[in-house]
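The values are calculated or read from the model by the stated rules, or taken from the named source; none is laboratory data. Just so it is clear, the model here is predicted, and its values are computed rather than measured. Cβ placement follows ideal geometry from the backbone for every residue including glycine, while neighbour counts extend to all protein chains displayed. Accessible surface areas use protein heavy atoms only, side chains included; no ligands, DNA or RNA. Shrake-Rupley method; radii C 1.70, N 1.55, O 1.52, S 1.80 Å.
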Amino acid sequence: MTNAPERSACFLLDEDAGEVKITYTPDTKVANAGMFIINKEDHTLGNLLRMQLLRNPEVRFSGYRIPHPLIHLVELKVQTSSGNVSPVEVVSAAIEDLSNESDHLETAARDALDKWRRSNAGQM
């Protein structure tokens, strides 16, 4: 018997308590910038989003931090280079691009596995 929280509390949103996955707060000091707080995530998603955002030429700055190891959220800061594109738009595009890349990777892996199974069917 320990006082540790349930393991599922690290990655499942408590919808009864009104937890939301992502919130956006515009930066009041820096133009074309804002902070996204992504709930119940860790370095895996934070680094993926940061790197995908940095591929976009419209993004001037993208960085993330985990405020505390026991608090499962990512603070993602994004600044765009012009007023034509908002941080919300570039983050939405980055999420869509990552989704497409993961779909492509899954399809390629399934095709390669099917090809390997066909070529090695007699050896199993």
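Just one of the listed residues (Leu48, Leu53, Leu98, Leu113) is at pLDDT 95 or above, over 17 Å from the mean Cα position of the chain (by Cα), assigned to a helix (DSSP H, G or I) and not acidic (Asp, Glu), namely Leu113. Answer yes or no as to whether Ile71 is in contact with a strand residue (DSSP E or B) (Cβ under 7 Å, 6 or more places away or on another chain) and without any contact (Cβ under 8 Å) to a residue 40 or more places away in the chain. When the stated conditions are applied, Ile71 does not pass them.
Thr25 meets the conditions (1) of a type in the set (Ser, Thr, Tyr); (2) open to solvent by less than 100 Å² (accessible area, probe 1.4 Å); (3) over 23 Å from the mean Cα position of the chain (by Cα) in every case but one. The failed one is (3).
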